[in-house]
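Below: the structure, in structure tokens.
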Amino acid sequence: MSTKTSALGNRVMAKAAMRIMPLLMLLYFVNYLDRVNIGFAGPNGMNKELGLTATAFGLASGIFFIGYLILEVPSNLALHRFGARRWIARIMITWGVVAVAMAFVPNTATLVVLRFVLGVAEAGFFPGIILYLTYWFPAAQRAKAVALFMCAVPVSSAIGSTVSSLLISGGHGVFGLSGWRFMFLVEGVPAMLLAVVTWYCLTDRPDQAKWLTTEERDWLTAELDAERRATEAEHHWPLRKALTHPRILGLAFVYFAVVYGLYALGFFLPTIIAGFGQEFGTKLTVLQAGLVNAIPYVAGALVMVPWARHGDRTGERTWHVALPMIVGGAAIPVALYLGNPYATMTAVTICAMGVCAALPAFWALPSNFLSGAAAAGGIALINALGNLSGFAAPYLTGWLRDLTGTQRTGLWVVGGCMVAGAVLAVALGAKPRKSSREAS
């Protein structure tokens, strides 16, 4: 590559990142917060007001992902056909309306129904963004781009925990609502407002980007087209194969294992912290508990981009997924056997760092061999099946807590699942092998 071409490429990637990534990160911040804020509502008045057991709370938390699964693949194929700008804006309007309605649930049954509908409304958002990034960033920069986007997860969990705690503690009685209801109301509105921003500001493809010069548009379009042709020549995966091949199901389990750890922390860490008072005599206000909840996610955010950048620079993909999964999976079940809250939070923080490092590194694996409609369908299927852990993690963890009276058994399941996923990631490798049946 000539010095001129290299300089042009660096300039184009920098402009694309500055234009696209801040908006995508903001969208995902709001998306993830609306998805997991039930975890803050539960121990701060909702469970008591609605009479929820740990199992019922787990069901309400996790049934979101059943609705999410049903429409994930069709939604992503629609985005591939109609464009990200229109489709993402449509998704956001729908989920914003449902998120606001959560403030007015009268009973457990309505809560469960609305959580299911919220999953239906959000279906296609995350895999749609992952697919959208393949339209803008070549493979050598893609893991870093995904990591920047996914930084919204730990940032949302860190900042969101504090914001949610402030809304719960400060909003009690506003509009005659309980604090947790006021939180749902306020946190649902930004999705609808950002839908308008998305409609007017998101650019579907590089060849439509008026904010790039003609030379910059031509370079990026040619680079991505050449990469797509090379991928299709080496790995010819039509849509049907991408939706049925065992390798896709294997990758879905790997992602299931990573996300299992993420949602087990997201939904139950506030409850674990609330239990410090009983176990260790630690007295925390709602705001203090929110700040403590933020610690693991701040650490996770700090490792995401450097780890992804290292994967891009070295070109190694498999161990960049498996190693942090092993570390995180080994750390989480140890957390509740430690003798003080500081040691417990250290173990939880190590787990969060492992999860956050593995998440963006994972998405470099399917984009190694999928493109076009196959990428739209395959990425959506992996995400849909993987996010079933969002149902399994809170429901199984809550059920095991009711059964055993402790969080420990559930967290052993989390750790075992993450380690099993890491082993499978190593077994699958970074790409299908042409000499095996996977290349057929």
Row for the range 188-242, column shape: gyration tensor on C-alpha, a ≥ b ≥ c, rounded if a/c < 1.5 i.e. under 1.5, prolate if a/b over b/c, else oblate; value oblate
Classified through the alpha carbon gyration tensor (a ≥ b ≥ c as square roots of its eigenvalues; rounded if a/c is under 1.5, else prolate when a/b is larger than b/c, else oblate), the range 197-296 comes out oblate
Restricting to DSSP H runs of at least four residues, report the calculated mean residue ellipticity at 222 nm for the chain, -39500 (n - 2.57) per run over all residues, nearest 500 deg cm²/dmol. -26000 deg cm²/dmol
Can you give the FRET efficiency for Ala222 and Val189, using 1/(1 + (r/R0)^6), R0 = 41 Å, r = Cβ-Cβ distance, to the nearest 0.05? 0.45
Would you calculate the separation in nanometres between label points at Thr110 and Leu287, each defined as 7 Å from the Cα along the Cα-to-beta-carbon direction? 3.2
Go through 360-369, 375-384, 65-74 and give me the packing order, highest mean Cβ count within 10 Å leading. 375-384, 360-369, 65-74
Where the centroid of each part is defined by its Cα atoms, how far is the range 294-345 from the range 195-264 in Å? 25
Once fully extended, how much extra length lies between Glu49 and Ala427, figured as 0.36 nm per residue of separation less the alpha-carbon to alpha-carbon distance? 131.3 nm
Rg over Rh, two decimals, the chain (C-alpha only, Kirkwood Rh): 0.97
Can you pull out the trypsin sites (Lys or Arg not before Pro) in the range 283-390 whose DSSP state is coil and whose Cβ has at most 15 other Cβ atoms within 10 Å? Lys283
Stick to Cα atoms and the Kirkwood definition of Rh, then tell me Rg/Rh for the range 1-87. 1.22
Please report, in whole Å³, the volume per residue of the convex hull around the C-alpha atoms of the range 64-195. 106
If you line up the long axis of helix 84-101 against the longest principal axis of the chain, both from Cα atoms, how many degrees apart are they, to the nearest 10? 10
Given a 1.4 angstrom probe, what's the average accessible area per residue across the chain, in square angstrom? 38
With the full set of protein chains in place, find how many percent of the accessible area of the chain is carbon and sulfur; take the probe as 1.4 Å. 66
Length gained, Val196-Lys15, 0.36 nm per residue minus C-alpha separation, equals 62.9 nm
So how do 44-52, 209-217 stack up, highest first, on mean other-Cβ count within 10 Å? 44-52, 209-217
Inter-probe distance in nm under a simple model that places probes 7 Å from Cα toward Cβ, at Arg229 and Leu338: 5.4
At 25 °C and a viscosity of 0.890 mPa s, what translational diffusion coefficient does Stokes-Einstein give for the range 45-125, taking Rh as the Kirkwood radius over Cα pairs? Give it in µm²/s as a whole number. 184
On each of the three principal axes of the Cα atoms of the range 294-399, give max minus min coordinate, whole Å, ordered largest first. 51, 36, 21
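The values are calculated or read from the model by the stated rules, or taken from the named source; none is laboratory data. None of these values were measured; they are calculated from a predicted model. Positions of Cβ are backbone-derived with ideal geometry, glycine not excepted, and every protein chain shown enters the neighbour counts. Note: accessible area is taken over every heavy atom of the protein model, side chains too, but ligands, DNA and RNA are not part of it. Shrake-Rupley method; radii C 1.70, N 1.55, O 1.52, S 1.80 Å.
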